[in-house]
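Trainee: Have a look at this one.
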Amino acid sequence: MFEETKKGLQRVLARAILGPLFSFHFMRRRALAMLNRHFDKGELTLRYRMKDHTLFLDPADDVIAARVLLRGDWQRRDLLRVVSLLRTHVPESAGRRFIDVGANIGTETVYAMLSGHFSGAVSIEPEPHNFSLLSENIAANALNSSVQAVNCAAGAKAGSAFLARSESNKGGHALSVDAGGADRIAVEVLPVDSILASLGIDASEAGLVWIDVNGTEQDVLSGMTSLLRHKVPVVLEHLPTFITADQARSIHRLLAAHYRHYCRVDDVDREPADVVRMDPLKDTGDFLFF
């Protein structure tokens with residue numbers, strides 16, 4: 001009995017000491033980098049089983065994978081906050097499709113389907129390794145019949161572009177206008193409207209578009225005019241410091257032309273406000289427009 005109590009106290013003490021230590025970003029990165037280097041003779045994928053879902057993760061990713069491993073999710077609270085807002089303000093979105101643009105490994109797709117609000121999803125991801133993990137995560141959570149994965153980038157028009165890949169942040173890849181740099185690959189680019197049409201999905205069937213594309217938001221919005229005309233709610237990561245002032249204003253004008261309300265949803269419990277009150281040059285974060 002004494003030994004069990006002693007071991008229990010040791011575990012509590014260890015968590016108290018190591019918990020804050022590993023909460024620092026550089027420690028998470030160091031731990032995953034060491035793990036990945038240990039298996040540098042081949043590709044290493046981690047399977048993380050949680051109570052209601054499973055995720056396959058890349059240990060070389062020091063952002064999304066690190067957050068999931070150490071905190072249990074990646075922006076799941078944000079997704080659930082959006083679903084709550086939709087149920088209150090856009091109830092007709094229920095039973096429609098979740099459109100995940102820049103889906104990465106599919107965390108938001110999985111969370112969206114687990115929420116029970118959506119009937120299906122379309123997950124769009126251009127980077128081949130991310131897409132492979134996305135496909136594995138769809139299969140691991142028995143979503144093959146309800147989720148369609150598309151391996152391309154989303155843009156204003158059909159064509160091709162170069163994808164600049166981040167070595168440590170697997171969610172930090174971004175489209176580039178040229179092939180310069182250490183790690184850039186050519187990817188297909190299609191408008192979201194065209195992607196949905198090729199799958200036989202009408203814009204009226206969409207319940208939410210979730211966009212996370214690291215700087216090409218204006219192009220994505222320009223390629224989804226049918227969705228905008230149907231006023232399908234949009235979640236957009238708006239980072240005005242990563243784009244020009246003209247681009248930030250243009251994105252705001254486009255959204256204000258189709259939606260009446262906006263609400264920040266990343267770790268902030270604010271109430272929706274009139275979209276004209278948004279300052280496109282100062283407001284930063286993840287926003288729902290409806």
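Trainee: Mind checking the full-extension length gain between residue 225 and residue 47? Use 0.36 nm per residue of separation minus the Cα-Cα distance, one decimal, nm.
Mentor: 60.3 nm
Trainee: Could you compute how fast region 76-289 diffuses translationally, taking Rh as the Kirkwood radius over C-alpha pairs and applying Stokes-Einstein at 25 °C with viscosity 0.890 mPa s? Give it in µm² per second.
Mentor: So the translational diffusion coefficient is about 142 µm²/s.
Trainee: Among 90, 101, 118, whose Cα lies farthest out toward the positive end of the dipole of region 76-289, if unit charges sit on the beta carbon of Lys, Arg (+1) and Asp, Glu (-1)?
Mentor: Looking along the dipole axis, the top candidate is 90.
Trainee: Please list, in chain and number order, the residues 5+ apart from residue 122 or on another chain whose amide H is under 5 Å from its amide H, with Hs placed from the backbone.
Mentor: 98, 99, 100, 148
Trainee: Right, next: What is the gain in length, in nm to one decimal, between residue 89 and residue 204 on full extension, counting 0.36 nm per residue of separation less the C-alpha to C-alpha distance? If you can, show how the numbers build up before the last one.
Mentor: Details: separation 115, 0.36 × 115 = 41.40 nm, distance 1.71 nm.
Gain on stretching residue 89 to residue 204: 39.7 nm.
Trainee: Please give the charge dipole size of region 76-289, origin at the Cα centre, charges +1 on K and R Cβ atoms and -1 on D and E Cβ atoms. Round to the nearest 20 debye. Kindly include the intermediate steps, with their values, before the conclusion.
Mentor: On the way: 19 positive and 27 negative charges, 100 e Å.
Roughly 480 debye, rounded to the nearest 20.
Trainee: Measure out, as a whole number of angstrom, how far apart the alpha-carbon centroids of region 48-68 and region 145-159 sit.
Mentor: 23
Trainee: Same structure again: For region 98-177, treating each Cα as an identical point scatterer without solvent, what Debye log10 I(q)/I(0) comes out at q = 0.12, 0.16, 0.18, 0.22 1/Å?
Mentor: Taken in order of the listed q values, log10 I(q)/I(0) reads -0.33, -0.58, -0.71, -0.97.
Since every read-out is calculated from the coordinates, none of them should be taken as a lab result. Just so it is clear, the model here is predicted, and its values are computed rather than measured. Quick reminder, even Gly has a Cβ in these numbers, built from the backbone with ideal geometry, and neighbours come from all protein chains shown.
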